[in-house]
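Data block below; observations after.
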């Protein structure tokens, strides 16, 4: 890393996240690292007792700790600089974004191999990489980046500071907000899956004429597919983060600040509230409404509306605690079945299975 920053500057950048500093506040930090690989001039972020001793014994210059671990480290009389944070993971996120970004700054330009359509409005501070293809009337905002071999069809709008990584497809008319990120091989605005069936059982395509809208600060992982709406729009609202290999069907409305893990499927015309968190491979049937603040366990299946906030899991869907109890009971079923057979035999009752 070429960045060199002091602990004091890191603390001042996010005073709502960092608290007290113990030790030399002007120690130089060149990189961030995991606790087990604390190199000289690196900064570690430690929230668990398991990694605490490892971090103290490392060569790292400084450590960010929870209040309890901070107190413990001060008592150990370590020579390392210590910073306290009530939310170590958030401290890591903000520090990495501010001082150690994943991608180094690149020269802003349109690569000579890019194919640019007519009447495009591309900011002078944007970067368009090799072999990008844009249609007509495309708008690309300030400091946006379009990665190599991406295809941006006509009438698309891409906001400022948005990063479209290589091999992304954005369909015609779609709108992408500011500070978004779309990972490789994702498709935004593919045609929704709509067919009408005649009396012979043959299926006839219903053209999907709507668009996809990604509001500001939306994150889309790799290999995701978000279908355009039949008439109006499929919308992902502000701040929502979607992991790899998630499918969002046509006409869906996904609420603000959601967190959706890999492999989830949203069938068409589903409406999801704000601050929902779903585990991997959850499945949501179409034309449903799910309220705000709902958490779904991995592989949960939703077949009807959810009107009460809370945690749910399983198939059929149950409140999460009930789901865990039900799952734990499954292992006892063979024994219970044997016991029932013994009771029936004792009572002289016949087993219907043998009739």
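Just so you know, all these numbers are worked out from the coordinates, no wet-lab data involved. Here the structure is a predicted model, which is why all the values come from computation and not from measurement. Counting neighbours? That spans all protein chains shown, and the Cβs are built from the backbone with ideal geometry, glycine included.
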Alpha carbon centroid spacing (whole Å) that separates region 218-246 from region 32-82: 38 Å
Candidates 107, 322, 53: whichever shows maximal mean-square fluctuation once the chain is modelled as a Gaussian network with Cα springs under 10 Å: 53
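Looking at the square roots a ≥ b ≥ c of the eigenvalues of the Cα gyration tensor of region 207-307, which shape do they give, rounded for a/c under 1.5, prolate if a/b is larger than b/c, or oblate? Provide the component values of the computation, followed by the final result.
Numbers: a/c = 1.40, a/b = 1.22, b/c = 1.14.
Verdict is rounded for region 207-307.
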Prolate/oblate/rounded label for region 121-323 (Cα gyration tensor, a/c 1.5): oblate
Centre separation in Å (Cα based) which lies between region 187-216 and region 293-355: 37 Å
Choice from 64, 132, 248 with maximal GNM fluctuation in the chain (Cα, 10 Å cutoff): 64
Label-point separation, residue 281 to residue 12 (7 Å along Cα→Cβ), nm: 5.1 nm
Prolate/oblate/rounded label for region 5-99 (Cα gyration tensor, a/c 1.5): rounded
Debye intensity ratio I(q)/I(0), log10, region 17-155, q values 0.12 Å⁻¹ (C-alpha model): -0.61
Added length on full extension, which subtracts the Cα-Cα distance from 0.36 nm per residue, residue 131 to residue 350: 71.4 nm
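Between residue 4 and residue 324, what FRET efficiency follows from the Cβ-Cβ distance if R0 is 45 Å, with the result rounded to 0.05?
Calculated value: 0.40.
What value, in deg cm²/dmol to 500, does the helix sum -39500 (n - 2.57) over DSSP H runs of n ≥ 4 give at 222 nm once divided by the residues of the chain? Walk me through the numbers on the way to the answer.
Values: 6 runs with 62 residues, N = 355.
Theoretical 222 nm ellipticity from helices: -5000 deg cm²/dmol.
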Cα-projected label distance for residue 76 with residue 204, points at 7 Å along beta-carbon direction, nm: 7.3 nm
Choice from 161, 41, 244 with maximal GNM fluctuation in the chain (Cα, 10 Å cutoff): 41
Over the chain, relative contact order from alpha-carbon pairs under 8 Å, at least 6 apart, %: 6 percent
